[in-house]
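Visitor: The structure under discussion is supplied below as structure tokens; questions concerning it will follow.
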Amino acid sequence: MPGKLKAKIVAGRHLPVMDRASDLTDAFVEVKFGNTTFKTDVYPKSLNPQWNSEWFKFEVDDEDLQDEPLQITVLDHDTYSANDAIGKVYIDIDPLLCSEAATVISGWLPIYDTIHGIRGEINVLVKVDLFNDLNRFRQSSCGVKFFCTTSIPRCYRAIMVHGFVEELVVNEDPEYQWIDRIRTPRASNEARQRLIFLMSGELQRKIGLKVLEMGGNAVVGYLQCFDLEGESGLVVRAIGTACTLEKISTFPATATYPSNSSPSKDMKEPGFGEETPGVPLSSGPPTPLRAQTFSSFSPSKSYSRQSSSSDTELSLTPKTGMGSGGSAGKEAGPLKALLRQQTQSALEQREYPFFTLTAFPPGFLLHVGGVVSARSVKLLDRIHNPDEPETRDAWWEEIRQEIKSHAKALGCHAVVGYSESTSICEEVCILSASGTAAILSSRFMQDGPLDAEHRFEEVVSPGCGFCHIPYDELNIPFPAQLTYCYCCRHYKVPDVLFTTIDLPTEANVTGKGCLIQARLCRTKKKAQGEGNATAISNLLPFLEYELHTQLMNKLKLRGMNALFGLRIQISVGETMLLGLASATGVYLTALPSPGGIQITGKTPSDITYEQHISNMQKKINDTITKNKELYEINPPEVVEEIIGSPIPEPCQRSRLFRSHSESSDEVSELDLSHGKKDAFVLEIDDTDAVEDIHALLTDFSIPAGFYSCNTEIMPGIQNWTSAIQMFTSVRVFRLNNANLTNQGLNKIFSDLCENLLKSLYFKLRSMVPCCLCHLNFTVAIPEDELIQVAVTAVAMSFDKEQSLENGKQSGEKTLIKAITDEQLQFNLELNAETSSSNPLSSPKGITMEKASPLPEGRSRSLRSNRSYSGSSVAVVKMTPLSFIPGAKIIRYLGIINMFFIRETTSLREEGGVSGFLHTFIAEVFAMVRAHVAALGGNAVVSYSMKECVFMENPNKNQAQCLINVSGDAVIFVRESELELTSVQPQSATTQTSNCGEGT
Amino acid sequence: MSTELDVFVGNTTVLDEDVYQLWLDGHTVSNAVRIRMEAGALQECEANAEVLHSDTMDQFRTFQMCERLLQSPSKVANQLLFQIPPHRQTMLIERYYEFDSVFAREVLGKKLSKGTKKDLDDISSKTGIALKCCRRQFDNFKHVFKVVEELKGPLVENIQRHFLLSDVLARDYAAIVFFANSRFETGKRKLQYLSFQDFAFCAGQLISYWTVGAVNNVMEDLDVDLEKEFLHDLKDLKVLVNDKDMLDQHKSLVCAQLRGKIKVFSEMEASFKNLSRALVNIASKLTHTKDFRDLFIDLVEKFIEPRRSDKWTIGDLRLFLKHYSSSVHTLEAFRHQVIWDRYMGVIKSCILKMYHD
């Protein structure tokens, strides 16, 4: 069934000069949707043309509306030769198809050319009239809302969480169809951009259909990725979590909440979506990867569990079952999750009980088992039939099955914080998936009873409940040291917890957290085909093992006991593999205090050597003490009781084995520095270990006033100011020396990351005290000897004066002060025109929005405020987080998912590679902002740069870059303004008498 | 091992004002890094030289990218590429158009042409201002000149509207445009002691009182051309020195007022005729372009230097000029009071401004 798409071309500005003779341009516009094209008149001799066209109307199927972008091409008319293209604008119609999102797209959008970048702007108006379609067999899924945010969006309430949705589509990559002919860059780039727009649209539509089938109305945590497989094609795939969401309509009711209200307060709110921005939704718990890694003594065995690697040809040995057998097999049988049976059965009916969410409605996440991950190495071959992308589907299916079984092994029926990624080099592709095994409440499950309250099987305090082990302590899947929870003392908890989710807001945390990164570089021989795949598969387990060792060491060194937001990225190049693990370390009050790190030498006879070791030991101890101070970790001392550890000697359990030749009598004779019996033992038996310890200790310390994390919030900081700065930084490093050892490479890679962080701190020094949140590192090996690191994060200032405890109070105070001030002002005005029937004709534009009960009215008036208030450009905030501090998101306008290619054949003239990329990234930001503003929004949340592929050929003076970004366009209002409106009605009636005094 | 690419892009463009100044001053990146280190930048945030270099490079690149916009400041506010808060935009523009008065003094009165541009090397080595910086300033002069040249209406306002500059800066630019347009002689050795600010003040006076725009609000063209009619009428002032009666009467009126009030009374009394002739002659010659361009040199040679060698104090001079011009009002036979006031008002303030060592 059809819809009617209408577009109007209003004007252009800042156009480039296309006619050298007159220094002017004769511009006209082509508007294309599907196969229909309209043209405006030529507006002669102007760089600021006013077309003011009629409404161009396209009558199309809603299926097409979802798939196709609206293409606007600006051209320069030329009487004698072909018209020259100035540039293009692609407009995603999708936000207009959903009644709750945007209603019109209107504003100045940059005109983009893949060779010249932004070349002026065009003012357009786009609307859609959609007719209801009740056809059950329809192919479209208009109206399903998409969110990149990995929690329940702020102004919604989750009625039901249906579960995992995934889809992938494949196509030939236009870039590789030029092979026999001479490639024309612009045509090729535009073909690719258009194709990816189409594929994204199709993918979204297909996922939408699945959601409708499941009975949902929204996808949360929507993650879409591209695999540029080169000659074998182009894959666009997406995963997400299907939900049924309900808009919380009564927002003024909760608006009276003070801006800095504590999380616990919010927890009692019925709609968690209503939480104040400073506090993200409750998120899930953490569990130890450690568990798996250290579980078995022979490394080879234990790795296979996280990284069962398989290459297509060789992978007939099912890694899923076998590889992880070491531990998985052991406990798969006697699972005794009696209490959760019901939920479990609900979940087990699903193919994949996966959730891309990283933060959850209160009461949803019960327990966390630990990180589960799986990798597989595949050889790419040409996709013969794009309509049946079976191979790719099968690959992912295999991996997901493995993840599922890992979760089961941990006694969990679900995987949360789930994500998938790939790394491609030539014809080798590593597929990775990871998540956190967890047990969920049936409260939001379709199959569970609806009276959710009764389903709270375990009455646990929210602050520690998620830490309690989900597995059976007698059939523990790996050797772990369990203790009674340090909070409630009723349930058992592991000693370390690793997770991929955000720190739940209700979690009890001691002190502050910090970013912890493990970095690793491994050389690899150049190889082809299967041999190459095998070599990579063989390397992977070692890589992961060492990454975990590093993470664990660094965690201990900071005196912390849990990791959140763990993301391990493995990147493959021709001659090396890169591994980067990032996470946010915290001290969970419920978990036992971590022991120190203890070093043992292998040749204790040598005195100087012992000296050396004891020096190092001292350094380590000092660092731990210093870090504890820095992160304010001073947990109350408690008597420890160790229970149910299946392995007698604690030391042995936690030891990191450097060599396979350890013998039991090596157990430490040294005094354990921290008096804990379970100090972490590092055995130094080779230079590697020495290097590692050095690296450990030489990690750059964060400058005063800075904190960093890769999760949504930083525990211990709540009093955010409204100052935020989102940024992207990219570095490419060339390894000139081809004969580097692993150590050398490690050092270079680690320094690269550290230096990048240092630069970030320096750049943002004016924002101190501040926290870099959601620090998201992406590494790549664009070509041999090149390492690329890209970071996107947001720096947020906070108020240092207010300590944690009184932070809330004083926050309230200032707010109240602000309110009264505003009230007074308001009252004054009111007095001035006593008979005013519309008290809301107040100074602030936003106030009007709120007065209007109709959402449409709201957005319109906002828009009118915005775009007609002179020529200055509306400010659009961007953040990778799901919230904006000090503000409330009142409306989601739709998903932003944009893909751009930029190419140059005059690299030097554009300022070299840095100048080229700098401009391009700035252009991408500009285009995102412009599209958000055109939708009527003033911010993008959950923004991420998912792809940044940079290629250069300095000899030819050429470079090319592909960038893919996504996020949610929203309208937010400052909380102070919100306060104003909610108070106004009262003040109008009751407080008029006070105003005399007030002045 | 080398960093091949290094960029940082903020949603709100990150701008460091100190680095901006270094960039404007025409420093190279490595120079700027050194200066920043000397200024103690390393103490901040535990930075090292590498960090500083990366930051400086990045900032310089950002400014370079902004430069295109800064050349037409009205675009800064509605461009989409850089998200810059309004007060920072103002700062960027203002600083970009700020110039060294030493440099401006050198260029003042010269034709803003390619020829002059070639001389920038000399100016650079003479003033110690980096060549790059000289070029920017020169290009700004030229650019402003070109834009306002074709505009109607008041000069200062035009500059402000098109370049969004502060009032003070816009006035300085008006002076530069005015000098470039009128091509006053400013380069002579005798004029070397005058600063840019001296000339800028005089230009302000001339623009305010002598130009077409000063009397008539409906303008056809650049309103910095002096009013022809007025210059022509100045010839009539000659009567003040040519008519002996009038000269004597004028002299006695002035002397009556100044007796005992100035130290150089006797010298003044003795040379009154010369004094008056110098000022009136300058007035009467202004119709000729050549003489007009020599206005300042004439003022210095014919009036200021003699007074200086007679050791007149500025106070004496002020009093003299005050009474010299006001006494004319009581000369009944003199019919050109309006012209006289318009002329003397400007000349008086210019002389006083220029009367220093």
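The values are calculated or read from the model by the stated rules, or taken from the named source; none is laboratory data. Computed from a predicted structure; not experimentally measured. FYI the Cβ positions are ideal-geometry reconstructions off the backbone, even for glycines, and counts take in every protein chain you see.
Visitor: Could we say that B:GLN89 is closer than 27 Å to A:MET927 by Cα, within 14 Å of chain A (Cβ to nearest Cβ), touching a helix residue (DSSP H, G or I) at 6+ places or on another chain (Cβ under 7 Å) and not in a helix (DSSP H, G or I) here?
Guide: Values: closer than 27 Å to A:MET927 by Cα: yes; within 14 Å of chain A (Cβ to nearest Cβ): yes; touching a helix residue (DSSP H, G or I) at 6+ places or on another chain (Cβ under 7 Å): yes; not in a helix (DSSP H, G or I): no.
No.
Visitor: Taking A:ASN755 as the residue in question, decide whether it is more than 13 Å from every other protein chain (Cβ to nearest Cβ), touching a helix residue (DSSP H, G or I) at 6+ places or on another chain (Cβ under 7 Å) and at negative phi. Before you say what the answer is, go through the steps one by one.
Guide: On the way: more than 13 Å from every other protein chain (Cβ to nearest Cβ): no; touching a helix residue (DSSP H, G or I) at 6+ places or on another chain (Cβ under 7 Å): yes; at negative phi: yes.
Answer is no for this residue.
Visitor: Also, quick follow-up: If a residue has to be within 13 Å of chain B (Cβ to nearest Cβ) and either over 21 Å from A:ALA723 (Cβ atoms) or assigned to a strand (DSSP E or B) (or both) to count, how many in region A:758-780 make the cut? First the steps, then the outcome.
Guide: Pass one, region A:758-780, residues within 13 Å of chain B (Cβ to nearest Cβ): A:758-770, A:772, A:780.
In the following step, the residues that additionally are either over 21 Å from A:ALA723 (Cβ atoms) or assigned to a strand (DSSP E or B) (or both) were identified as A:758, A:770, A:772, A:780.
So the count comes out to 4.
Visitor: Select, from A:SER614, A:SER582, A:SER537, the only residue that is touching a Leu at 6+ places or on another chain (Cβ under 9 Å) and at pLDDT below 85. Give the derivation first.
Guide: Values: A:SER582 fails: at pLDDT below 85; A:SER537 fails: at pLDDT below 85.
Every option except A:SER614 fails the conditions.
Visitor: List every residue pair whose Cβ atoms lie under 7 Å apart, where the two residues are 6 or more positions apart in sequence or sit on different chains, the first residue falls within region B:345-357 and is in a loop (DSSP other than H, G, I, E, B), and the second residue, located anywhere, is surrounded by fewer than 20 Cβ atoms within 10 Å (Cβ to Cβ) and aliphatic (A, V, I, L, M).
Guide: B:TYR355/B:ILE314
Visitor: Looking at B:THR13, is it part of a loop (DSSP other than H, G, I, E, B), within 11 Å of chain A (Cβ to nearest Cβ) and either out of contact with any strand residue (DSSP E or B) (no Cβ under 8 Å at 6 or more places or on another chain) or without any contact (Cβ under 8 Å) to a residue 12 or more places away in the chain (or both)?
Guide: Numbers: part of a loop (DSSP other than H, G, I, E, B): yes; within 11 Å of chain A (Cβ to nearest Cβ): yes; either out of contact with any strand residue (DSSP E or B) (no Cβ under 8 Å at 6 or more places or on another chain) or without any contact (Cβ under 8 Å) to a residue 12 or more places away in the chain (or both): yes.
Against the criterion (part of a loop (DSSP other than H, G, I, E, B), within 11 Å of chain A (Cβ to nearest Cβ) and either out of contact with any strand residue (DSSP E or B) (no Cβ under 8 Å at 6 or more places or on another chain) or without any contact (Cβ under 8 Å) to a residue 12 or more places away in the chain (or both)), B:THR13 qualifies.
Visitor: Could we say that B:ASN242 is polar (S, T, N, Q) and over 33 Å from the mean Cα position of the chain (by Cα) here?
Guide: On the way: polar (S, T, N, Q): yes; over 33 Å from the mean Cα position of the chain (by Cα): yes.
Against the criterion (polar (S, T, N, Q) and over 33 Å from the mean Cα position of the chain (by Cα)), B:ASN242 qualifies.
Visitor: Out of (1) surrounded by 15 or more Cβ atoms within 10 Å (Cβ to Cβ); (2) closer than 30 Å to A:PHE147 by Cβ, what's the single condition that is false for A:SER99?
Guide: Result: A:SER99 fails condition (1) only.
Visitor: Out of all the residues in region A:5-40, which are on the phi < 0 side of the Ramachandran plot and either within 14 Å of chain B (Cβ to nearest Cβ) or small (Gly, Ala, Ser) (or both)?
Guide: A:ALA7, A:ALA11, A:GLY12, A:ARG13, A:LEU15, A:PRO16, A:VAL17, A:ALA21, A:SER22, A:ALA27
Visitor: Can you tell me which residue within region A:421-456, out of those that are touching a strand residue (DSSP E or B) at 6+ places or on another chain (Cβ under 8 Å) and not in a strand (DSSP E or B), is modelled with the lowest pLDDT?
Guide: Start the filter on region A:421-456 by keeping residues that are touching a strand residue (DSSP E or B) at 6+ places or on another chain (Cβ under 8 Å), which leaves A:421-425, A:427-441, A:444-446.
From what is left, the residues that are not in a strand (DSSP E or B) are A:427, A:441, A:444-446.
Working: A:GLU427: 86, A:SER441: 82, A:PHE444: 72, A:MET445: 69, A:GLN446: 54.
My answer is A:GLN446.
Visitor: Out of curiosity, is B:ILE84 more than 7 Å from chain A (Cβ to nearest Cβ) and not in a helix (DSSP H, G or I)? Break it down into steps so the answer makes sense when it comes.
Guide: Values: more than 7 Å from chain A (Cβ to nearest Cβ): yes; not in a helix (DSSP H, G or I): yes.
Yes: the conditions hold for B:ILE84.
Visitor: Condition test on A:SER872, is it farther than 21 Å from A:THR103 by Cα and modelled with pLDDT of 90 or more? It would help to see each step written out before you state the result.
Guide: Values: farther than 21 Å from A:THR103 by Cα: yes; modelled with pLDDT of 90 or more: no.
Here the answer is no, as A:SER872 does not meet what is asked.
Visitor: Now for a separate question. In region A:617-649, which residue that is part of a loop (DSSP other than H, G, I, E, B) and under 32 Å from the mean Cα position of the chain (by Cα) is modelled with the lowest pLDDT? Quick ask: steps written out before the conclusion?
Guide: Kept after step one, since they are part of a loop (DSSP other than H, G, I, E, B), are these residues of region A:617-649: A:631-641, A:644-649.
Checking which are under 32 Å from the mean Cα position of the chain (by Cα) leaves us with A:631-635.
Values: A:TYR631: 84, A:GLU632: 82, A:ILE633: 81, A:ASN634: 77, A:PRO635: 70.
Top of the filtered list is A:PRO635.
Visitor: Do you know which residues across region A:40-83 are more than 22 Å from A:ASP129 (Cβ to Cβ) and crowded, with 16+ Cβ neighbours inside 10 Å?
Guide: Looking only at region A:40-83, we keep the residues that are more than 22 Å from A:ASP129 (Cβ to Cβ), and these are A:41-51, A:73-83.
Correct list: A:VAL42, A:TYR43, A:LEU47, A:PRO49, A:TRP51, A:THR73, A:VAL74, A:LEU75, A:ASP76, A:HIS77, A:ASN83.
Visitor: While we're here: I need a count of the residues in region B:337-354 that are buried (at least 18 other Cβ atoms within 10 Å of the Cβ) and closer than 18 Å to B:VAL254 by Cβ.
Guide: Here the count works out to 6.
Visitor: Among the residues in region A:142-154, are any at pLDDT 85 or above, surrounded by fewer than 22 Cβ atoms within 10 Å (Cβ to Cβ) and more than 14 Å from chain B (Cβ to nearest Cβ)?
Guide: no
Visitor: Would you say A:VAL973 is more than 11 Å from chain B (Cβ to nearest Cβ), farther than 19 Å from A:MET878 by Cβ, β-branched (Val, Ile, Thr) and outside any loop (DSSP other than H, G, I, E, B)?
Guide: On the way: more than 11 Å from chain B (Cβ to nearest Cβ): yes; farther than 19 Å from A:MET878 by Cβ: no; β-branched (Val, Ile, Thr): yes; outside any loop (DSSP other than H, G, I, E, B): yes.
So A:VAL973 fails the test.
Visitor: If you don't mind, there's one more thing I want to ask. Can you list the strands (runs of 3 or more DSSP E) found entirely within region A:1-90 that contain at least 3 residues being under 36 Å from the mean Cα position of the chain (by Cα)? Give the derivation first.
Guide: Details: elements: A:2-13, A:27-33, A:36-39, A:56-61, A:69-76.
Where strands (runs of 3 or more DSSP E) fall fully within region A:1-90 and carry at least 3 residues being under 36 Å from the mean Cα position of the chain (by Cα), they are A:2-13, A:27-33, A:69-76.
Visitor: Please count how many residues of region B:70-81 are assigned to a loop (DSSP other than H, G, I, E, B) and either out of contact with any strand residue (DSSP E or B) (no Cβ under 9 Å at 6 or more places or on another chain) or more than 8 Å from every other protein chain (Cβ to nearest Cβ) (or both). Outline the logic, then answer.
Guide: So the first thing to find is which residues in region B:70-81 are assigned to a loop (DSSP other than H, G, I, E, B), and the list is B:71-73, B:79-81.
Next cut, either out of contact with any strand residue (DSSP E or B) (no Cβ under 9 Å at 6 or more places or on another chain) or more than 8 Å from every other protein chain (Cβ to nearest Cβ) (or both) only: B:71-73.
Adding up the residues that qualify gives 3.
Visitor: Oh, and also: Based on what the data block shows, is B:GLY128 more than 29 Å from B:VAL212 (Cβ to Cβ) and assigned by the TED database to the domain that holds B:SER182?
Guide: Yes, satisfied.
The rows are residues; the columns are (1) at pLDDT 90 or above; (2) closer than 17 Å to A:HIS918 by Cα; (3) in contact with a strand residue (DSSP E or B) (Cβ under 6 Å, 6 or more places away or on another chain); (4) at the interface with chain A (Cβ under 10 Å from one of its Cβ atoms).
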| position | (1), (2), (3), (4) |
| --- | --- |
| B:GLU4 | no, yes, yes, yes |
| B:PHE8 | yes, yes, yes, yes |
| B:TRP23 | yes, no, no, no |
| B:ALA32 | yes, no, no, no |
| B:ALA41 | no, no, no, yes |
| B:GLU46 | no, no, no, yes |
| B:ALA49 | no, no, no, no |
| B:SER54 | yes, yes, yes, yes |
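Visitor: Looking at B:PHE63, B:PHE141, which is the one that is in contact with a Phe, Trp or Tyr (Cβ under 9 Å, 6 or more places away or on another chain), among the aromatic types (Phe, Trp, Tyr) and within 14 Å of another protein chain (Cβ to nearest Cβ)? Walk me through how you get there before you give the answer.
Guide: Working: B:PHE141 fails: within 14 Å of another protein chain (Cβ to nearest Cβ).
Criteria check complete, one pass: B:PHE63.
Visitor: Yes or no: A:GLU229 over 27 Å from A:TYR90 (Cα atoms), surrounded by fewer than 23 Cβ atoms within 10 Å (Cβ to Cβ) and at pLDDT below 90? Give the steps one after another, and end with the answer.
Guide: Working: over 27 Å from A:TYR90 (Cα atoms): no; surrounded by fewer than 23 Cβ atoms within 10 Å (Cβ to Cβ): yes; at pLDDT below 90: yes.
In short, no.
Visitor: Condition (residue is in a helix (DSSP H, G or I), surrounded by 22 or more Cβ atoms within 10 Å (Cβ to Cβ) and at the interface with chain B (Cβ under 10 Å from one of its Cβ atoms)) applied to region A:726-739: is it met by at least one residue? It would help to see each step written out before you state the result.
Guide: First, pick out the residues of region A:726-739 that are in a helix (DSSP H, G or I): none.
No; the residues of region A:726-739 include none that is in a helix (DSSP H, G or I), surrounded by 22 or more Cβ atoms within 10 Å (Cβ to Cβ) and at the interface with chain B (Cβ under 10 Å from one of its Cβ atoms).
Visitor: Testing A:ASN746 on (1) more than 10 Å from chain B (Cβ to nearest Cβ); (2) outside any loop (DSSP other than H, G, I, E, B); (3) within 21 Å of the chain's Cα centre (by Cα), one condition comes back false. Which one is that?
Guide: So the condition that A:ASN746 fails would be (3).
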